[in-house]
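The numbers here are math on the coordinates, done by the rules we state, and not lab data. As the structure is a prediction and not an experimental result, all values here were calculated from the model. For neighbour counting, all protein chains shown are included, and Cβ atoms are generated from backbone atoms with ideal geometry for every residue, glycine included.
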Amino acid sequence: MASLSSFPKGPPYASTTATVGGVPTKTLDVPVTAVFLFLYVCLAATNATIFRLNRRKYHKFIISALLGGFCNVRTITCSLRIAWAFNLDNVSLVIAAEILLLAGNLILYIINLVFAQRILRARHPEIGWDPWLGFILKGLYAVIGFVLVMVISTIVLSYYTLDEHTLKICRDIYLFGSSYIFFFATLPIAILLYAFPRRPSPKPQHFGSGSTKIKALVLLASSSLCILIAGSRAVTTYMTPRPTGSPAWYDSKAAFYCFGFGPEVLLLLLFVTARVDLLFQIPDDSSKVRSFEKAGEPEAESPVDATKGDILG
C-alpha cells in the first residue's frame, strides 16, 4: 500500500480515512476485478441481445437496455479500479471510481421499484393505478435524483478541501444520502408486504408471463440483494472513520467484493435467467388506459395521463 507521502499535496487531496476496499493492489485486486469486468461485459452483451431480439418482435422492454447500460457503467468502474492499482498517486481516478460505484446502483433500485409498482397494479388495480400513487412515486424518483447530485458534489468537494467544517458538512450530506438510498432500496419489499397479505382485488389484472407469485419471488430476491448492497454501504458510512493505516474489517477487500460487485452480478444473473423481459412485460399503452387488460382499446387521452404510468411505461 502506498504511503500518504507518495500522493501529491493536492488539490485534489488523497483521503486520510480508510474506505471500503482500500487501495487496490496489482497482485490481488487486478485479477479479481478483471474477473468481474469480464462478467459485466458478458452480461452487458446478453442484455443488449435480449433487448434487440425483443425489439424485432415489437416487444419494447426498455429495462433490458437499462440493465445493459448498468453493466457498461460497471465495466468502466472496474477499469478505473484496475487503472488505480497501476497509478496509486492519481487521486482523480479515485474520485471517478467512487462516483461510478455509487451512481450505478440507483438503476437497479429504480428497476425494482418499477417491478413492484406493476405487481401492485396487477393485484390491486384500484390502488396501483391511483393517480396519487403515481405522484408519490414520481416524487420519490425526483428526490433520488436530487440526492445523487448532492452526494456526487460532496464526494468531489471532500477531495478538494482540507477545512474540517466543510468536511463535516460533506459527511453529514453523505450520511443523509446513503440513508435515503437505503430507504429507497427497501420500498419494493414494503410494497410487496402491502400487496400480498391483503385479499386481492375481485378483478385482478394480469401482465407478462408467469404468475404474480413468481414475479413477487423474483422481486423479493432482487430487492434483498439491493438492500444488502445499500444497507452495507449505509452502515459503514455511519461508522466512525478510521485512518488509512488502521482500517476496520468492513473496509477490507473481502467486504468490498462480497457486498458490492458480488451481489450485483448475482442480481443480474437472476434477471437474465428468470427472463424478466417476459415476466414483467406490459402493453405499450397500458399507462394511458390505466389497465393491463384494456391496453389496446381506444380511449381519449387526458391531461393527467402522464402521471398515471410508471417511469418505464
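Brief remarks follow.
- Coordinate range along principal axes, alpha carbons of the range 178-223, Å, largest first: 39, 21, 14
- Size of electric dipole in the chain: Cβ of Lys, Arg +1 and of Asp, Glu -1, about Cα centre, debye, nearest 20: 740 debye
- Rounded if a/c under 1.5, otherwise prolate or oblate - the range 1-110, Cα gyration tensor axes: prolate
- Stokes-Einstein D (µm²/s) once Rh is taken as the Kirkwood radius of the chain over alpha-carbon pairs, at 37 °C in 0.692 mPa s: 156 µm²/s
- Per-bin percent of Cα-Cα distances, the range 117-204 [10 Å]: 15, 34, 22, 16, 10, 3, 0
- Links that overshoot a 23 Å alpha carbon limit, given the list 57/213; 60/288; 26/253: 57/213
- Think of the chain as having a plus end and a minus end, set by charges on the Cβ of Lys, Arg, Asp and Glu; of 41, 237, 194, 194 sits farthest toward the positive end of this dipole.
- Note on the chain: helix-only mean residue ellipticity at 222 nm, from DSSP H runs of 4+ residues weighted -39500 (n - 2.57) and normalised by residue number, equals -22000 deg cm²/dmol.
- Centroid-to-centroid, using Cα positions, the range 150-171 and the range 28-100 are 27 Å apart.
- The range 151-234: trypsin sites (Lys or Arg not before Pro) in DSSP loop, at most 12 other beta carbons within 10 Å: 198
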